[in-house]
Amino acid sequence: MLLSCQNIEFSYISEKILKNVSFHVNEGEQTAIVGVNGAGKTTLFKVLTGELTPDSGDIFLKNGTSIGYLSQTVDYSSHNTVYDELHSADQALLTLDTTIKTYEQQMAHSTPDEKTIHDYHKAIEDFESMDGYSYESRIKGILKGLGFPESSWSQNVSTLSGGQKTRLALGRLLLIQPDLLFLDEPTNHLDLEAIRWLENYLNNYKGTLLIISHDRYFLDRIVHKIVDIELGKASVYQGNYTAFVQKKEFDQYIATKHYEEQQAEIKRQEAIIKQLRSFKQEKFIKRAVSREKALEKIDPLDKPIDLQDNMRLALNPKRESGMDVLQLKDLSLGYDNVPLFSDANLNIYKGERIALIGKNGTGKSSLLKLLLGDLKPIGGSAKIGQSVEIAYYDQEHTTLNESLTLVEEIAEDFPTMEMRKIRNLLASFLFTGDDVFKQVGTLSGGEKGRLSLAKLMLAKGNFLLLDEPTNHLDMISKEVLEKALRHYTGTILFISHDRYFINRVATKVWELDQERIKEYHGSYDYYIEKKEEENASDMVNISENPNASENKQNWERMKQQQKDERKLQNQIDELEAKITSIETRMEAIDEELTHEEIFLNYEKSSALMKEKNSLEVELEEKLNQWESLQ
């Protein structure tokens, strides 16, 4: 065990942030700290690293453990260049290198004694064990991996942006390789290419990792244990983020069912006791007293915490569009006749959900602005289909009027909407009480995101254009949005760097790269799989007729995809039939348990409850399978 914390408590003024937090981390483990915004994740990091002192509790750290901590914001005052700042990171290694060179200079001018030779060889051994000979190459690899081109290596650190300084601080930590590394939102300032590089690097990291991140795809690829901070308390789950979500939902479901069953049993016993006492005969009263004593011995379960206080989002188009939603024909888009991309020939059909990905500056947001009529093409055309009604989500929230209150913001765009309905709508997006009279300009990024989603829902468009819709949303709100988009019957074109979100929502991926748009049929994982195949094929000779081969592969892929879809739909149909059957039987059991001849008969009622419990477990299993297939 490398790190252990027991019963940690911490308060800011009168607000208790952490309450009896206990967990441990073993050597080599990769652990994530998760929880909603404001749950106390960063506070816990600061307590564990000694930046804050807990009100009570104990922290144990294995002797000799070196610690590195990357906070969300880094303020450098260094006058080094980017390269020199990274090069100076491992002072112990640099000192050892200097020592070795000093010995070599001494031995070049005089015959060394045995002690000098021994110390020299010991220094070399230490230098090799610290991987000193690869130090320069590791520096270059880290700088390139984190998105610093060679042209920036001579740039002064003081001239870097906040995000670049944070990336450089991360690079220093990766170079030093501390035994225990704390990373608070390490992917915040990285593009997709740099994130993938970081994932590969951390998966080969020899030390122990503690990570806070809202990047669920990143957590799925890196961590094997989750510490969930909720209402100040910690719960530990084994597995990656997806496994944690499923296990937590199941635990919540089971805890709620046990509580409800106990409450139902208590009410049933109270009803029987009342019935027995009403008979006024001594033998019945004795039975009533006996049941009352048994009821008093029941250890009541605490009511599970209601986690459903989430925003309620349902996206439904006012009317259906035609099948042809968008046609790009020889489309070129750019500024001052300099193209961002050229000769795009692509179609979007009704019901498709397309993720638009690519590096910054490739034209993703510009394409959405073109479709909104804010930009003109420099060549070709973009034709919107029949009955298509666009609704737009802007990541910068420029469509919001910051001088208005929340109520006024809704009323301005939807003037016929009654005040009561406006307030009910805002409440469903977690704006309650006097919050609805706040000025839009005072809202946080996450609050503006929820307000923009509320307006998107009211717009009832059948073609959604979404620019980074998950920015600033907490994990629960992201999951609510994902569910709403997967059930949406219209068409979606969205920009996102959230790979988990893309995986859950997209049916196609459009990649903007090297001034062209390339289409991939499938989720983000499928896109990555095909990119790896393409990269591998670039390393070998292509066949004499690559176009014919590609056409054949496309046809075979399409046939296989159709076959897989039919098989998948059959599985879904079978599951839905089984789920209906189970639910019907559970309703029948509930009906039987209301009959006096049943609930007064212990053997019959127990058998029915046992059957119902078994059905509930089976139902949960089938629902999980159904959701996975969906």
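The table below gives the values:
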item	result
Pairwise FRET efficiency - Arg287 versus Ala243, Cβ, R0 = 41 Å, nearest 0.05	0.25
Cβ-based exposure ranking for Phe10, Phe437, Phe23, in which fewest neighbours within 10 Å come first	Phe437, Phe23, Phe10
Residue-averaged 222 nm ellipticity for the chain, from DSSP H runs of 4+ at -39500 (n - 2.57), nearest 500	-15500 deg cm²/dmol
Overall form of the chain per C-alpha gyration tensor (a/c, 1.5; a/b vs b/c)	oblate
Separation between Cα centres of the stretch 453-519 and the stretch 157-190, rounded to whole Å	29
Full-extension gain in nm, Met419 to Glu15, via 0.36 nm per residue minus C-alpha separation	142.0 nm
The stretch 335-482: Rg to Rh, with Rh as the Kirkwood radius over Cα pairs	1.00
Positive-end residue of Gly441, Leu170, Pro415, charge dipole of the chain with Cβ unit charges	Pro415
Relative contact order (%) - criterion: Cα under 8 Å, at least six apart; region: the stretch 380-466	52
Percent antiparallel among DSSP beta bridges (both partners in the chain, rounded to 5)	55
Nearest-20 debye value, the chain charge dipole, Cβ charges on Lys, Arg, Asp, Glu	1740
Local net charge near Lys329, Cβ-Cβ under 10 Å (Lys/Arg +1, Asp/Glu -1)	-1
Other-chain or far-sequence residues with amide H under 5 Å of Leu466's (modelled H)	Tyr393, Leu493, Phe494, Ile495
Alpha carbon centroid spacing (whole Å) that separates the stretch 66-121 from the stretch 314-374	53
Range in the chain, longest, excluding exposed GluC sites (Glu not before Pro) [loop by DSSP; at most 10 other beta-carbon atoms within 10 Å]	1-417
Helix axis angle, 546-592 relative to the chain longest principal axis, alpha carbon, degrees	30
Length-normalised contact order of the chain in % [C-alpha pairs under 8 Å, at least 6 apart]	12
Length-normalised contact order for the stretch 79-149 - Cα pairs under 8 Å, 6+ apart - percent	39
Entries of Lys460/Lys567; Lys460/Lys508; Lys280/Lys612 with Cα pairs more than 28 Å apart	Lys460/Lys567; Lys280/Lys612
Reachable lysines, given that their alpha-carbon falls under 16 Å from the alpha-carbon of Lys41 and they are not under 8 places away in the same chain	Lys16, Lys19, Lys225, Lys233
Added length on full extension, which subtracts the Cα-Cα distance from 0.36 nm per residue, Phe279 to Ile117	48.1 nm
Distance between modelled label sites at Asn601 and Ser154, nm, 7 Å Cα→Cβ extension	9.3
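Throughout, read-outs are computed from the coordinates displayed, never taken from laboratory work. Predicted model, so just to flag it, every value in this text is computed and none were measured. Backbone-built Cβ (ideal geometry, glycine too); neighbour counts: all protein chains shown.
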